[in-house]
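Asker: The structure is given below, and queries will be raised subsequently.
The values are calculated or read from the model by the stated rules, or taken from the named source; none is laboratory data. Values in this document were obtained by computation on a predicted structure and should not be read as measured data. With ideal geometry, Cβ positions are generated from the backbone for all residues, glycine too; neighbour counts draw on all protein chains shown. For the accessible areas, the whole protein counts, side chains as well, though only heavy atoms, and no ligand, DNA or RNA atoms are used. Shrake-Rupley method; radii C 1.70, N 1.55, O 1.52, S 1.80 Å.
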Amino acid sequence: MPFTYTKLTPNLIVADVDRSVAFYRDVLGFTVAMQVPDASPLVFAGMQSGDVEIFLNSAEAAYAEYPAFK
């Protein structure tokens, strides 16, 4: 039986979460579904547009937690 994906959420490592949020929100029309912390500077944000969801992670935070990503 073949496997079928029903949902896929890219988890992107970005240099600047705030700037990336602005791009996805202002240029591509996504909404902010969640963010950490509640105010800038952000280290994580979940963006959504319809059924499409994208996670944005601070490179600095991701590398600290997973050094192999660097």
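Asker: Please go through (1) in contact with a helix residue (DSSP H, G or I) (Cβ under 6 Å, 6 or more places away or on another chain); (2) loosely packed, with under 11 Cβ neighbours inside 10 Å; (3) hydrophobic (A, V, I, L, M, F, W, C) for F30 and return the number of the only condition it doesn't satisfy.
Answerer: The single condition F30 does not satisfy is (2).
Asker: Please specify each residue of segment 39-58 satisfying the condition of being within 15 Å of A15 (Cβ to Cβ), among the small types (G, A, S) and crowded, with 16+ Cβ neighbours inside 10 Å.
Answerer: A45, S58 - these are the residues of segment 39-58 that are within 15 Å of A15 (Cβ to Cβ), among the small types (G, A, S) and crowded, with 16+ Cβ neighbours inside 10 Å.
Asker: Now a separate question. Taking interchain pairs and intrachain pairs at least six residues apart, which have beta carbon atoms under 8 angstrom, with the first residue in segment 8-22 and closer than 18 Å to G50 by Cα and the second of a type in the set (D, E) and open to solvent by less than 60 Å² (accessible area, probe 1.4 Å)?
Answerer: Every condition considered, the pairs that remain are T9/E53.
Asker: Condition first: β-branched (V, I, T) and farther than 10 Å from N57 by Cα. Now tell me which residues in segment 1-30 satisfy that.
Answerer: Within segment 1-30, T4, T6, T9, V21, V27 meet the criteria.
Asker: Hey, another quick one. A22: open to solvent by 40 Å² or more (accessible area, probe 1.4 Å), more than 20 Å from K7 (Cα to Cα) and part of a helix (DSSP H, G or I), yes or no?
Answerer: no
Asker: Which residue is farthest from Y5 (Cα to Cα), if the candidates are limited to segment 42-68 and must be part of a loop (DSSP other than H, G, I, E, B) and at pLDDT 95 or above? Before you say what the answer is, go through the steps one by one.
Answerer: Taking segment 42-68 as the starting set, the residues that turn out to be part of a loop (DSSP other than H, G, I, E, B) are 42-43, 50-51, 66.
Subset that is at pLDDT 95 or above: 42-43.
Details: L42: 30, V43: 28 Å.
The residue in question is L42.
Asker: Could you grab me the full set of residues in segment 1-46 that are touching a strand residue (DSSP E or B) at 6+ places or on another chain (Cβ under 7 Å) and of a type in the set (S, T, Y)?
Answerer: Within segment 1-46, T9, S20, Y24, T31 meet the criteria.
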